[in-house]
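Just below is one structure, and these are the notes that go with it.
The values are calculated or read from the model by the stated rules, or taken from the named source; none is laboratory data. Note that the structure is a prediction, hence the values are computed from the model and not measured. Methodologically, a virtual Cβ is constructed for each residue, glycine included, from the backbone with ideal geometry; neighbour enumeration extends over all protein chains shown. Note: areas computed on protein heavy atoms with side chains; ligands, DNA, RNA excluded. Shrake-Rupley method; radii C 1.70, N 1.55, O 1.52, S 1.80 Å.
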Number of protein chains: 2
Amino acid sequence: MATTDKASPRDRLLDAAAQLFYRDGVSIGVEALCRSAGVSKRSMYQLFESKDEMLAASLERRRAWYEAQLTPPDTGSATPRERILHVFRRLEQASAAPDYRGCPYLAVLVELKDTEHPASAVAREVKDHLESDFRTQAERGGARDPRLLARQLMLVFDGASARAGARIESLADGLATGTVTALMDAAGMK
Amino acid sequence: MATTDKASPRDRLLDAAAQLFYRDGVSIGVEALCRSAGVSKRSMYQLFESKDEMLAASLERRRAWYEAQLTPPDTGSATPRERILHVFRRLEQASAAPDYRGCPYLAVLVELKDTEHPASAVAREVKDHLESDFRTQAERGGARDPRLLARQLMLVFDGASARAGARIESLADGLATGTVTALMDAAGMK
């Protein structure tokens with residue numbers, strides 16, 4: 001996500017927004033964002049109606065990258081169980097980075113505390129999409145109650161990402177994959 | 001947590017801080033806090049070194065109340081499993097309130113993104129205390145790996161509180177208690 005002089009002001013703003021909101025939280029000011037992006041406030045307000053819109057756009061822009069991280073490279077051959085474990089293995093790997101601050105979409109929801117905010121809508125969609133993927137795999141894997149298992153996996157995903165991001169837990173020993181293995185077994189999933 | 005004129009300026013500030021930080025997030029300004037408490041900024045800075053110190057003190061002050069909520073009324077007769085289920089049943093009940101915004105201690109950690117902040121230290125202590133309680137019950141209940149089970153229960157607790165607080169999940173159907181029951185069974189706990 002390096003910002004270069006060749007990127008458009010819009011892209012520079014969205015990259016700076018994604019970086020700074022993730023690192024410092026959604027309360028970061030417009031001045032700091034514009035300074036980091038090398039864009040004037042006047043230009044920013046020509047590109048975005050508000051800071052809220054810019055936050056939502058920056059989350060939307062990262063979405064494809066974020067979701068690709070959680071998808072197994074070879075989608076054809078992986079079993080449903082392997083596909084679910086891949087998501088949690090990726091979470092465990094990502095959380096080892098020194099600058100990891102948890103799932104950016106959950107963080108935005110926790111920080112904004114406002115279900116009507118345009119960025120909350122984007123975050124909710126990303127979360128719903130992951131849950132829906134879990135449910136599809138749970139169905140394919142023969143879980144007794146695929147919707148319930150998917151909701152349980154989301155609790156673990158968000159709990160693990162929040163705790164690792166806050167540095168009150170380390171996932172390095174496979175805590176997340178171990179926990180979801182127990183839940184998949186309990187749900188009768190192949 | 002109603003603020004009355006009879007409360008001291010310090011208590012009024014701490015009550016207002018607890019309410020507003022929880023409702024609006026840690027970025028709320030000192031002006032708004034003082035206004036809500038009916039205390040001048042000058043008085044506030046005589047009582048607290050900084051807003052950060054006031055946030056930490058407000059979390060510390062709520063701690064006894066928060067932990068009492070999660071403790072079964074009759075501690076003598078409850079089995080280890082019942083004691084753990086009580087915590088998650090209380091979480092499910094609390095999350096049904098319209099003003100529920102998730103666990104205040106996890107929220108502060110997610111929002112501050114700063115392990116050195118005095119309020120992060122208080123939040124971490126409260127989280128560690130709950131995990132330690134889970135571990136004690138897991139040991140008493142004969143879990144194969146009590147520490148691992150305690151860490152798994154914390155993932156569920158924090159995932160459930162964050163998701164319910166963000167209104168992307170409802171715990172009303174017993175999602176949290178059902179999930180930890182599966183994990184306690186898998187851990188061989190009585």
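Things to note:
- The criterion of at least 1 residues that are of a type in the set (D, E) is met by the following helices (runs of 4 or more DSSP H) wholly inside segment A:1-61: A:9-24, A:30-37.
- Any hit, segment B:87-101, residues being of a type in the set (D, E), within 14 Å of chain A (Cβ to nearest Cβ) and either buried (at least 16 other Cβ atoms within 10 Å of the Cβ) or assigned to a helix (DSSP H, G or I) (or both): yes
- Selection from segment B:166-186 of residues that are in a loop (DSSP other than H, G, I, E, B) and either among the charged types (D, E, K, R) or facing chain A (nearest Cβ under 9 Å) (or both): B:A166, B:R167, B:I168, B:E169, B:D173
- Segment A:17-36 residues that are within 13 Å of another protein chain (Cβ to nearest Cβ), paired with ones that are among the aromatic types (F, W, Y) (beta carbon under 8 Å, 6 or more apart): A:I28/A:F21
- Any chance B:K190 is surrounded by fewer than 19 Cβ atoms within 10 Å (Cβ to Cβ) and either over 12 Å from the mean Cα position of the chain (by Cα) or under 30 Å from B:M54 (Cβ atoms) (or both): yes
- The condition (being open to solvent by 10 Å² or more (accessible area, probe 1.4 Å) and within 10 Å of another protein chain (Cβ to nearest Cβ)) is satisfied by just one residue among B:E116, B:E131, B:E139, B:E82: B:E131.
- Identity of the residue in segment B:1-30, open to solvent by 40 Å² or more (accessible area, probe 1.4 Å) and β-branched (V, I, T), that ends up nearest to B:G102 (Cα to Cα): B:T3
- Checking each residue of segment A:68-76 against the condition of being touching a residue at least 12 places away in the same chain (Cβ under 8 Å), in a helix (DSSP H, G or I), of a type outside the set (V, I, T) and open to solvent by 40 Å² or more (accessible area, probe 1.4 Å) gives at least one match.
- Subset of segment B:31-63 (residues that are of a type in the set (V, I, T) and either under 23 Å from the mean Cα position of the chain (by Cα) or exposed (fewer than 15 other Cβ atoms within 10 Å of the Cβ) (or both)): none
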